[in-house]
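One structure is given here, and the rest of the page talks about it.
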There are 2 protein chains.
Amino acid sequence: MSTPTHQRHSFLTDFRSMSSFGSTTGGGVDRQAATAADGQTRNWFRGLVEGHDFTVRYDQVGNQFTLVELAPGAPYIAIGSHLDSQPFGGRFDGAYGVLAGAHAAMRVKEGLAGRDGAALFNIVVVNWFNEEGCRFKPSMMGSSVFTGKLSAEQVLTTTDPRGVTVREALESIGTIGDFSLDVAAYLEIHIEQGRSLEDDGLSIGLVESTWGANKYEFVVHGEQAHTGATVIADRSDALLGASCLVVAARDIANQFTTDDHMVITSCGEFTVFPNSPVVVANRVTLLVDVRSTDPSVLAAADAELHRRVNEIEESARVKIERGAEHIWAAKAYDAAGLKLAAASAERLGLQYGTVRTRAGHDSTNMKDIVPTIMLFVPSADGISHNEREFTSDEDMLAGVDLLTELAGRLVTGELVRPEPFRP
Amino acid sequence: MSTPTHQRHSFLTDFRSMSSFGSTTGGGVDRQAATAADGQTRNWFRGLVEGHDFTVRYDQVGNQFTLVELAPGAPYIAIGSHLDSQPFGGRFDGAYGVLAGAHAAMRVKEGLAGRDGAALFNIVVVNWFNEEGCRFKPSMMGSSVFTGKLSAEQVLTTTDPRGVTVREALESIGTIGDFSLDVAAYLEIHIEQGRSLEDDGLSIGLVESTWGANKYEFVVHGEQAHTGATVIADRSDALLGASCLVVAARDIANQFTTDDHMVITSCGEFTVFPNSPVVVANRVTLLVDVRSTDPSVLAAADAELHRRVNEIEESARVKIERGAEHIWAAKAYDAAGLKLAAASAERLGLQYGTVRTRAGHDSTNMKDIVPTIMLFVPSADGISHNEREFTSDEDMLAGVDLLTELAGRLVTGELVRPEPFRP
């Protein structure tokens, strides 16, 4: 079954328009959370869906809800992802899922026209606030508040590196409110950001579980000194200690990855103080994360990381302080949802397989409170968080088809039955 | 011979006043070049010397000249150092030398009162612009222009990380002009910033030569990617490559240092792009320097650094680009000046020894154009570029005494004879 021409055209046209907001010369976008570019994208999206008679509302932390009324008074099937991006990020990450959700909702609504009573739920398309976590930490902020994992107050008082709070930033782009709603199930589609679908020749991935991830903020403390005049024996160089930690993290990925289990380690943020040409650094803050599918492998790699931290404190003569940590255990997505997604993909004749996600997504939060289905479409060469991120039109359209099929099934009561509405 | 009480008191009082400009809570100062704090310190110094009937002028790159007329129309004996500091730097580095120069000039002028014709030279106390090189690169900017090693135009158009040019910054603090003058000899006193004087129980170091230093700006290029989703085999991580380079630089210091020759290596500035928590870095800029007393050891260590750079390009799958470089060969100070300084220290009964400087100073530039004497006073525990930098009152006062003795000798024609004045 292929997508009708007018629907293909409409989706791809909207995708191109959306990609112009915050666009970079390298073909990507830069739309960090609650910046002007993020605000412009949100306003464009609002205009798009209001043109289809959908209603837009914001909650207290800037999550953007597009309401599609199909069964007045009933709870909602949510379809979501995020419009914010990394600095110099790709145009598909997150944004594809939000736009796919809007088009799926349009098509489900059209399909239900004249079938009064068929819909047992309403649809809400959600653009979650600050999934990326680059300007404001942590990532997945909006869905974390929605699912009760973070308090709204804590989020609203979080500051960016220039001291601007989330509250101020959201007010400055005018996308904050006090809306809330009941959600019965959650759907999300996203680019894979890895190369397994491409390598296996598949167009759809059904996410069966998250990886486990241990994320740490470390502060390496040294002693500020002169880079020329201070002899090596007198140095306590925070930059050397932090560099050893980056090297150790990579060693651990190589050491613990086997044919059965992969371990991935990364340092994504690394800031040196005072960072002057002739000064030995007194402090480096850095983030280190360790991810694996297997809990026992993750635990062993994590123990090795902490052993190496102690070793570096000795060898580089620095102190390493462990700050905030975020630990996510590997966790399965809803089994009935996975089965329903497989049946739907088969009905549409799509080549699919099951995958696990190493990256965090808003569905990682949502799956803990409602039945959740997470879908992937391929990323060319696995490239992501990069201006060269790419997914073909055919793969994007196949994803919208599957999302539409699943949304249609959920709205009519497959997977979950509506509970009595709580006003 | 000990300093008379009123002169001790006057110097120490002025030193305390000076240290209040740009003072930090940790007991240091933060007066980066041409910032408001640097401007305030310059204005305070101007007021101080004008109170002694000296005249203050600025040249085209903001070098501050305090003119003390002793032999009208004759060239100048210059005594200089710098009032700018590192971020969260110490209160002695540079500033001690400028204030010591002003007090030496006052005492020489007093000593010559009533001895018409004794002075063959005038004195100028110089506060060189931007010796530190943290806000604007390279370091020793003002003395480099004065000695013809950099062009004024190149310096004036240099920008800080926020895009402000040197010209704009100097205009904003109002310390720029068009003055110039003839200098016949140069004197500088500075804290040692190492621990050799303290270890040897000396109060004065006579600097016999600089170390050789090879300074490189490297840019490590990787490929921006997702820290979770991108498998290790697909990564080209600029942060990993740069960290390997920091570790390699330290290895080289350890490998090439012998009982006879010390090698010092450092990375003082290290900046990661885009520096987001979940993004594999696409670029790191870093400065690496290698210093040694011995030219052949320095050459060998340098060759090893470049071999390691090539090795890291392979092992970390990154590209390493070599940008600007600054190469200073180890070079001796004026032998006659060293002898004169030793004789003067002996006359004052000071415990002195010869030392070599690993750090760059404005005298490093000046020694290439005129006979130059460079003196060190001890740094407690060798600590410098640090708020805890410390030199005792006694050591500071002994330094002022020796500087006064030398300035008096130079002004009356020892070391250099005045050439006919060129108008």
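Remarks
- Considering residues of the stretch A:33-42 that are surrounded by 24 or more Cβ atoms within 10 Å (Cβ to Cβ) and in a loop (DSSP other than H, G, I, E, B) only, the residue nearest to the chain's Cα centre (by Cα): A:Ala33
- Members of the stretch B:43-64 found to be surrounded by fewer than 24 Cβ atoms within 10 Å (Cβ to Cβ) and in a strand (DSSP E or B), listed by number: B:Thr55, B:Val56, B:Arg57, B:Tyr58
- For the stretch B:224-245, a tally of residues being more than 8 Å from chain A (Cβ to nearest Cβ) and open to solvent by 10 Å² or more (accessible area, probe 1.4 Å) returns 2.
- For A:Ile320, the conditions (1) within 30 Å of A:Val231 (Cβ to Cβ); (2) free of Cβ contacts under 8 Å to residues at least 12 places away in the same chain all hold with the exception of (2).
- Evaluated against (1) farther than 30 Å from A:Arg291 by Cα; (2) touching a strand residue (DSSP E or B) at 6+ places or on another chain (Cβ under 6 Å); (3) open to solvent by 10 Å² or more (accessible area, probe 1.4 Å); (4) of a type in the set (A, V, I, L, M), B:Ile264 falls short on exactly one condition, (3).
- Filter pass, A:Asn365 being touching a residue at least 40 places away in the same chain (Cβ under 8 Å) and more than 14 Å from chain B (Cβ to nearest Cβ): yes
- Residue count for the stretch A:259-297, restricted to those that are within 9 Å of chain B (Cβ to nearest Cβ), more than 23 Å from the chain's Cα centre (by Cα) and not in a strand (DSSP E or B): 7
Quick grid of which residues meet (1) touching a helix residue (DSSP H, G or I) at 6+ places or on another chain (Cβ under 8 Å); (2) of a type in the set (S, T, N, Q); (3) open to solvent by 70 Å² or more (accessible area, probe 1.4 Å):
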position: B:Gly323; (1), (2), (3): no, no, no
position: B:Ile327; (1), (2), (3): no, no, yes
position: B:Gly337; (1), (2), (3): no, no, no
position: B:Ala345; (1), (2), (3): yes, no, no
position: B:Gly349; (1), (2), (3): no, no, no
position: B:Gly360; (1), (2), (3): no, no, no
position: B:Ile369; (1), (2), (3): no, no, yes
position: B:Ile373; (1), (2), (3): yes, no, no
position: B:Val377; (1), (2), (3): yes, no, no
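- In the stretch A:73-90, the condition of being open to solvent by 10 Å² or more (accessible area, probe 1.4 Å), touching a helix residue (DSSP H, G or I) at 6+ places or on another chain (Cβ under 7 Å), farther than 15 Å from A:Asp362 by Cα and not basic (Lys, Arg) is met by no residue.
- Conditions (1) over 30 Å from B:Leu181 (Cβ atoms); (2) in contact with a strand residue (DSSP E or B) (Cβ under 6 Å, 6 or more places away or on another chain); (3) away from chain A (no Cβ under 14 Å); number of the one not met by B:Leu375: (1)
- Residue that is farthest from B:Glu269 (Cα to Cα) [pool: residues in the stretch B:207-225 that are modelled with pLDDT under 95 and of a type in the set (A, V, I, L, M)]: B:Ala225
- The stretch A:204-244, residues that are acidic (Asp, Glu), in contact (Cβ under 8 Å) with a residue 40 or more places away in the chain and not in a strand (DSSP E or B): A:Asp237
- Being at negative phi, open to solvent by 10 Å² or more (accessible area, probe 1.4 Å) and assigned to a loop (DSSP other than H, G, I, E, B) holds for only one residue in B:Ser172, B:Ser180, and it is B:Ser180.
- Count of the stretch B:124-139 residues which are closer than 14 Å to B:Gly360 by Cβ and either open to solvent by less than 10 Å² (accessible area, probe 1.4 Å) or modelled with pLDDT of 95 or more (or both): 5
- Residue selected from the stretch A:306-317 under the condition farther than 14 Å from A:Leu240 by Cβ and free of Cβ contacts under 8 Å to residues at least 60 places away in the same chain, by the criterion most open to solvent (accessible area, probe 1.4 Å): A:Arg307
- Among the criteria (1) in contact with an Asp or Glu (Cβ under 7 Å, 6 or more places away or on another chain); (2) closer than 20 Å to B:Pro277 by Cα; (3) open to solvent by 20 Å² or more (accessible area, probe 1.4 Å), the one A:Gln154 does not fulfil is (1).
- Applying the condition of being farther than 18 Å from A:Leu83 by Cβ and out of contact with any helix residue (DSSP H, G or I) (no Cβ under 9 Å at 6 or more places or on another chain) to the stretch A:1-27 and asking which residue is least open to solvent (accessible area, probe 1.4 Å) yields A:Gly26.
- Just one residue in the set A:Thr55, A:Thr25, A:Thr13 is in the same structural domain as A:Thr157 (by TED's automatic domain parsing) and more than 30 Å from A:Ser344 (Cβ to Cβ); that residue is A:Thr25.
- Total residues in the stretch A:182-204, condition of a type outside the set (D, E, K, R) and within 12 Å of another protein chain (Cβ to nearest Cβ): 6
- Residue check, B:Val416 touching a Pro at 6+ places or on another chain (Cβ under 8 Å) and of a type in the set (A, V, I, L, M): yes
- Listed by first and then second residue, the pairs linking a residue in the stretch A:245-260 that is without any contact (Cβ under 8 Å) to a residue 40 or more places away in the chain to a residue that is outside any helix (DSSP H, G or I) and among the acidic types (Asp, Glu), with Cβ atoms under 9 Å apart and 6 or more places separating them unless they lie on different chains, are A:Arg250/B:Asp237; A:Asp260/A:Asp294.
- A:Thr293 open to solvent by 20 Å² or more (accessible area, probe 1.4 Å) and closer than 30 Å to B:Glu269 by Cβ: no
- Yes/no for B:Leu415 being open to solvent by less than 10 Å² (accessible area, probe 1.4 Å), in contact (Cβ under 8 Å) with a residue 40 or more places away in the chain and touching a Leu at 6+ places or on another chain (Cβ under 9 Å): no
- Hits in the stretch B:113-168 (condition: touching a residue at least 60 places away in the same chain (Cβ under 8 Å) and basic (Lys, Arg)): B:Arg135, B:Lys149
- Unmet requirement for A:Gly212, which otherwise passes all of (1) of a type outside the set (A, V, I, L, M); (2) touching a Leu at 6+ places or on another chain (Cβ under 7 Å); (3) facing chain B (nearest Cβ under 7 Å); (4) open to solvent by less than 10 Å² (accessible area, probe 1.4 Å): (3)
- The residues in the stretch A:246-258 that are more than 8 Å from chain B (Cβ to nearest Cβ) and among the charged types (D, E, K, R) can be counted, and the count is 1.
- Leading residue by the ranking (farthest from A:Phe218 (Cα to Cα)) among those in the stretch A:245-258 that are over 26 Å from the mean Cα position of the chain (by Cα) and either β-branched (Val, Ile, Thr) or not in a helix (DSSP H, G or I) (or both): A:Thr258
The values are calculated or read from the model by the stated rules, or taken from the named source; none is laboratory data. Predicted model, so just to flag it, every value in this text is computed and none were measured. Cβ atoms come from the backbone with ideal geometry, glycine included; neighbour counts cover every protein chain shown. Ligands, DNA and RNA are stripped out before the accessible areas are found, and what is left, the full protein with its side chains, is counted by its heavy atoms. Shrake-Rupley method; radii C 1.70, N 1.55, O 1.52, S 1.80 Å.
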